[in-house]
Amino acid sequence: MEHKGTRRLETSRLILRRFEMSDVDAAFRNWTNDEKVTEFLRWPAHKDISVTERLIKEWISDYENPSFYQWVIVPKECKEPIGTISVVSMDETTNKVHIGYCIGSRWWNKGYTSEAFAGIIPFLFEQIKVGRIESWHDPENVNSGKVMKKCGLRYEGTMRKADWSNKGIVDACIYGLLAEDYFGSYQT
């Protein structure tokens with residue numbers, strides 16, 4: 001992989017950028033304290049804004065690492081952060097990245113998450129030179145799987161009791177997209 005760090009990206013409706021300390025209030029208000037958002041995630045809803053502040057401060061510090069990819073999702077129309085999308089893990093040996101995302105429940109079913117995910121795919125394949133993008137979801141979180149499918153990832157199977165979340169140990173539906181699929185499908 002050819003790491004470049006988190007770069008500002010833009011889609012038709014979104015700006016994907018690095019976090020700033022001025023994002024703390026909006027992040028807490030819009031998703032980090034929302035228990036609906038964290039139901040299928042590994043971290044609990046933040047009960048206090050200081051937790052969100054510490055996390056964003058840590059992410060800002062992590063931007064010094066060129067292999068750190070964490071974007072805040074900002075719709076152009078409302079101009080405030082509504083969620084995040086990131087490379088939550090990577091394997092340099094296989095050139096694989098695992099994507100995680102969450103947005104505030106007020107913005108669900110509006111296509112923002114799919115647009116953000118689709119917005120980082122070209123960057124990851126074309127500039128970072130990843131060989132595989134994957135993502136998992138709990139079978140009960142059907143909408144997350146719809147995001148993956150909409151972005152061109154293929155369902156590869158369900159691993160039994162292979163993941164954990166706020167719901168406990170759960171099955172994981174895995175989706176993947178290979179560089180050769182991307183370049184064969186999306187490039188002319």
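The values are calculated or read from the model by the stated rules, or taken from the named source; none is laboratory data. Source: prediction; values computed, not measured. Positions of Cβ are backbone-derived with ideal geometry, glycine not excepted, and every protein chain shown enters the neighbour counts. Side chains are part of the model used for accessible areas, which takes the heavy atoms of the whole protein and leaves out ligands, DNA and RNA. Shrake-Rupley method; radii C 1.70, N 1.55, O 1.52, S 1.80 Å.
Worth pointing out:
- Rg [Å, one decimal], Dmax [Å, integer] - region 16-104, C-alpha atoms: 13.2, 40
- Using θ = phi - 60° and Karplus 6.51 cos²θ - 1.76 cosθ + 1.60, couplings along region 112-128 (whole Hz; Gly, Pro as x): 5, 5, 4, 5, 5, 4, 4, x, 8, 4, x, 4, 5, 6, 7, 9, 8
- In the context of the full set of protein chains, residues of the chain present 52 Å² of accessible surface per residue (probe radius 1.4 Å, heavy atoms only).
- Accessible surface of the chain, 1.4 Å probe, proportion on carbon and sulfur as whole %: 49
- Each DSSP beta bridge with both residues in the chain is either parallel or antiparallel, and the antiparallel ones are about 90%.
- Residue of C78, C102, C173 that the Gaussian network model of the chain assigns the largest fluctuation, springs spanning Cα pairs under 10 Å: C78
- Hypothetical label at N95: residues of region 121-157 whose amide nitrogen lies under 13 Å (7 Å Cα-Cβ projection): 124-133
- Largest mean-square fluctuation among V142, V51, V88, in a Gaussian network model of the chain whose springs join Cα atoms under 10 Å apart, belongs to V142.
- Of the GluC sites (Glu not before Pro) in region 1-100, the ones in a loop by DSSP (not H, G, I, E or B) with at most 15 other beta carbons within 10 Å are E2, E20, E39, E64, E77, E92.
- For region 52-188, alpha-carbon Rg over 2.2 N^0.38 Å: 1.06
- Note: region 1-66, Cα convex hull, 130 Å³ per residue.
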